[in-house]
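These notes are about the structure you will find just below.
Coordinate-derived values only; no laboratory data. Note that the coordinates shown come from a computational prediction; the quantities given were computed from them, not determined experimentally. Here Cβ is always computed from backbone atoms with ideal geometry, including for glycine, and neighbour counts include all displayed protein chains.
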Amino acid sequence: MDKNPFVPLRDYREYPEAEMMQRARQFHLELKRRRTVRHFSSRPVPRAVIESCLRTATTAPSGANLQPWHFVVVSDPETKHRIRLAAEEEERHFYQHRAPQEWLDALAPLGTDEHKPFLDRAPYLIAIFAQKHGRLADGRRVKHYYPLESVGLATGMLIAALHVAGLATLTHTPSPMKFLNELLGRPKSSERPFLLLVVGYPARNATVPAIGRKPLDDVVTYV
Ligand code: IYR
């Protein structure tokens, strides 16, 4: 039997040009409303919504389709608290000693500091891991290709899916993040924490920094 069968491209859809333009505009309008949020409500979020967004994330392209990701969905208050304590300890060190002035200056408009109450408050923390290699059923190692790029793509799709569902996110990167392997029981030899995504409803009085996006002309060149 053919080991690598091909099937017809059934699910692709083409649209008339006007509709294409309309859909592209609609999607931009939808995604440009997304803001990174740092003030979360503790209101519960249905787990089925998170699961559906994770299904979206796992549709991302990946190196050799090896899907080198693992998502740990944390809602247990004690585990969230342990993550908060570990993250705050590292952030304290970052803000007080490790970060050069140039980095602190770059962060100033965001108003961040070492206090991370959202790690307790938000209903879900999704710890995203990149796998350097996977395992076959018989225990043999399978090397993964472009794991960080692949996980970045999946994470972008996850953030977009959560936003479209009406949830707010914060891409949080305490550094180093190895404590996540320990707290969440993920193998250290093969998996590297990629980021911690904080997910929930924004707090009623949430504010966001008055910052914008670069104009397209600054970031796009046509050749
Ligand atoms: N990890 C720290 C610092 C930080 C770094 C970057 I780059 C940001 O865009 C935001 C924060 C923190 O979470 O506070």
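Of K116/K214; K80/K132; K3/K132; K32/K80; K32/K214; K3/K143, which sit over 18 Å apart, Cα to Cα?
Over 18 Å Cα-Cα: K116/K214; K80/K132; K3/K132; K32/K80; K3/K143.
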Least to most buried among L170, L158, L85, by other C-beta atoms within 10 Å and fewest first, runs L85, L170, L158
Stretchable slack from S175 to L29, in nm (0.36 nm times residue separation minus alpha-carbon distance): 49.3 nm
Using a Förster distance of 22 Å, the FRET efficiency for R47-V142 (Cβ separation, nearest 0.05): 0.15
GluC sites (Glu not before Pro) restricted to region 1-102 and DSSP loop, no more than 14 other C-beta within 10 Å: E14
Who wins for biggest fluctuation among V164, V37, V151 in a Gaussian network model of the chain, springs between alpha carbons below 10 Å? V164
Tell me, how many Å apart are the Cα centres for region 64-124 and for region 1-41? 30
Only bridges whose two residues both fall in the chain count here: according to DSSP, what percent of them are antiparallel, nearest 5? 95
Rounded, prolate or oblate: pick one for region 40-99, where a ≥ b ≥ c are the square roots of the eigenvalues of its C-alpha gyration tensor, a/c under 1.5 means rounded, and failing that, prolate if a/b is larger than b/c, else oblate. oblate
Among A87, A48, A18, which one shows the biggest mean-square fluctuation in a GNM of the chain, springs joining Cα atoms closer than 10 Å? A18
Residue-averaged 222 nm ellipticity for the chain, from DSSP H runs of 4+ at -39500 (n - 2.57), nearest 500: -11000 deg cm²/dmol
R0 = 25 Å: FRET efficiency of L104 with T207, Cβ-based, nearest 0.05? 0.75
Towards the positive end of the charge dipole of region 41-204, with charges on Cβ (+1 Lys, Arg; -1 Asp, Glu), say which of Y124, L167, Y145 has the farthest Cα. Y145
Which of A210, Y12, L107, positive extreme of dipole for the chain (C-beta unit charges): Y12
Contact order normalised by length for region 41-204, with contacts defined as Cα pairs under 8 Å and 6 or more residues apart; what percent is it? 37
For region 37-186, size of Cβ-based charge dipole, Lys and Arg +1, Asp and Glu -1, in debye: 580
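In what sequence, highest mean first, do 20-26, 214-220, 66-72, 178-184 appear when ranked by Cβ atoms within 10 angstrom?
Highest mean packing first, the order is 66-72, 178-184, 20-26, 214-220.
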May I ask for the Rg/Rh ratio of region 41-204, computed from Cα atoms with Rh as the Kirkwood radius, given to two decimals? 0.98
Which length gain, in nm to one decimal place, applies between R10 and H115 when the Cα-Cα distance is subtracted from 0.36 nm times their residue separation? 32.9 nm
